[in-house]
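To keep things clear, I will list the structure first and then write my remarks on it.
The values are calculated or read from the model by the stated rules, or taken from the named source; none is laboratory data. Since we're looking at a predicted model, the values are computed, not measured. In this analysis, Cβ positions are derived from the backbone assuming ideal geometry, glycine residues included, and neighbour counts consider all displayed protein chains. For accessibility, only protein heavy atoms count, side chains too; no ligands or nucleic acids. Shrake-Rupley method; radii C 1.70, N 1.55, O 1.52, S 1.80 Å.
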Amino acid sequence: MSVGEESSYWMRRALHLARRAEVEGEVPVGAVLVREEEVLGEGWNSPIGSSDPTAHAEIVALRNAAASVGNYRLPGSVLYVTLEPCVMCAGAIIHARVARVVFGARDPKGGAAGSVFDVLGTDRLNHRVMVEGGVLEGECGELLRAFFRRRRG
């Protein structure tokens, strides 16, 4: 499987998780953390249902992965997420030492992987994360746009 095919494969899994968030009335964002083709953790947005402002898909996936491997450091891992990570999630990604982030839709209001901020790529922190954006961007973006259109009525 080529890198592009691999990214699409895992992003489709993240999209499936995002749809679970949507069913639960949450903003449809999903994330899956992989190392050496093995899923370490996955998650979907759940701040409303869990009454937890930190329960973004990325954070949930990182928590699950850290628990499954018994370590908060996740070197060599790749996080696939349907929406560009926010500043909070970017900070957690850096602390976990995730090697690479692959995201779908860009977040022009709060993205921290290059759209608004470049937290993941800055040389001012002790860890830099490789970033690939725009994987299945149309599908990821349309899922979010449709969700918000329905909410606005």
Working only within the stretch 8-36, note down all residues that are free of Cβ contacts under 8 Å to residues at least 24 places away in the same chain and either of a type in the set (D, E, K, R) or in contact with a His (Cβ under 6 Å, 6 or more places away or on another chain) (or both).
Glu26
Residue under question is Phe117, and the condition is that it be closer than 22 Å to Ser7 by Cβ, modelled with pLDDT of 95 or more and among the aromatic types (Phe, Trp, Tyr); does it hold?
no
Exception for Ile94 within (1) open to solvent by less than 20 Å² (accessible area, probe 1.4 Å); (2) touching a Phe, Trp or Tyr at 6+ places or on another chain (Cβ under 6 Å) falls at (2)
When the residues of the stretch 8-57 are narrowed to those that are in contact with a helix residue (DSSP H, G or I) (Cβ under 7 Å, 6 or more places away or on another chain) and acidic (Asp, Glu), which ends up surrounded by the fewest Cβ atoms within 10 Å (Cβ to Cβ)?
Glu24
Selection count where residues are under 15 Å from His95 (Cβ atoms), open to solvent by 70 Å² or more (accessible area, probe 1.4 Å) and in contact with a strand residue (DSSP E or B) (Cβ under 9 Å, 6 or more places away or on another chain), scope the stretch 60-74
1
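If you check Pro85 against the conditions, is it in contact with a helix residue (DSSP H, G or I) (Cβ under 7 Å, 6 or more places away or on another chain), at pLDDT 95 or above, surrounded by fewer than 15 Cβ atoms within 10 Å (Cβ to Cβ) and closer than 24 Å to Leu143 by Cα?
No: the conditions fail for Pro85.
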Restricting to the stretch 97-153, and then to whatever is out of contact with any strand residue (DSSP E or B) (no Cβ under 6 Å at 6 or more places or on another chain) and among the β-branched types (Val, Ile, Thr), can you tell me which residue is surrounded by the most Cβ atoms within 10 Å (Cβ to Cβ)?
Val119
